Amino acid sequence: MSSSLSSLAQELLTGIMIRLDSHSILQMALTSRSFYAVFQSTPIQYIYELGMNTLQDAGSGKSTDELLVLLRDRQKAWATLEWKSLTTVELPPNQQSFKQSAGILVELGETDLLVVYLPSSAQPSRTIHHPIDGMHIYDVAIDGNQDLVILAGHFELPDKRLIRLHCRTVSTNEIHPNATAGGIFEYDIHEDKHRERNLVTMQVTLADDIVALSGYWREGCAQLLLWNWSMGLLLFNSFEDMFPDRPPGLGFNFLQRDAFLLTSAASSGQILVYRFSPTAPGIPMHVTSFGLPPTAPPTRVSNALPFMHLPESRVLTFSINYYRHRYTLFVRSSTFLRCMDDSASGPNVPWEMWGERESRFAEMDHNVSSR
């Protein structure tokens, strides 16, 4: 097979390699001299090194030669810790729960949204305050690469209860130009059985063009909305659609724009992986469940929420509380994403089959906050 491919023109071999992931590119390059020669070209070196650093091209319009130089400068700076400059950024007091993305920090206040742009080699640090008076915002999610902030609000009126999502730009607080329907999604909780419940928590999470709104109500009802903000399309609403095999009180986080995970305290603790269509309404499909370490009775497992990170190529962090003991679990998102294409994984994966090899489990000091 390699001999027949070697006879192809270099342009075709380059086109083939560009469509591979970094590990596959390296494997192909090591099979023949002609493949290795293509591997040494600037376009392939850029794609390869970009993938090895779990990065993607941001569409800056710069030439591949220039991008490869910038990428290698970045790699060298992190390897040697040789900084071009040192800047101290002073944050306002009592601001401890920033959301961060692509060098941007965002903090939700009572009357405004605090935005801090961290300094880079090309731009100095700057701080912006965006007013949010009268918007009743509970939580925010940001994507600095898209200049996007999602503000989630919850309104209680005499005759109805509303959930509202706003799509704004981080830089100007205006409606995002790629958003539809005025950049606002509004849902009326019209059923009495849901309207009378008291909201305990609300979390908004973002993955590219998909927004998830997860909440927990005091009476034991868990809620999940999935919305495509660029299409203005509601993909899933757990208030109206049946969510199969979903225990109450689950934590949520995206794996990528068409897959997410939920955490459950059932059966000594589980991490459940789901997939869904990001462009068409439908009920998410349960792919598999990853079991946590078995516990001996009478140990009681409490529900845990993963912290929010950018989707894809990241490490997910889980807080797990056992009776009088608290642990942190670190897992690469690739561990869960593999089951999307691996039919052999089955509906349930015991801890012994994945956890000891693909995670880190550390006990936490009760005096140290995990926030």
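Since every read-out is calculated from the coordinates, none of them should be taken as a lab result. All values reported here derive from a predicted model rather than from experimental measurement. Glycine gets a Cβ as well: all are built from the backbone with ideal geometry, and neighbour counts include every protein chain shown.
For region 41-184, what percent of Cα pairs sit more than 21 Å apart? Across region 41-184, Cα pairs with separations above 21 Å total 57 percent.
Of the peptides 144-156, 109-121, the ranking by mean beta-carbon count within 10 Å, highest at the top, reads 144-156, 109-121.
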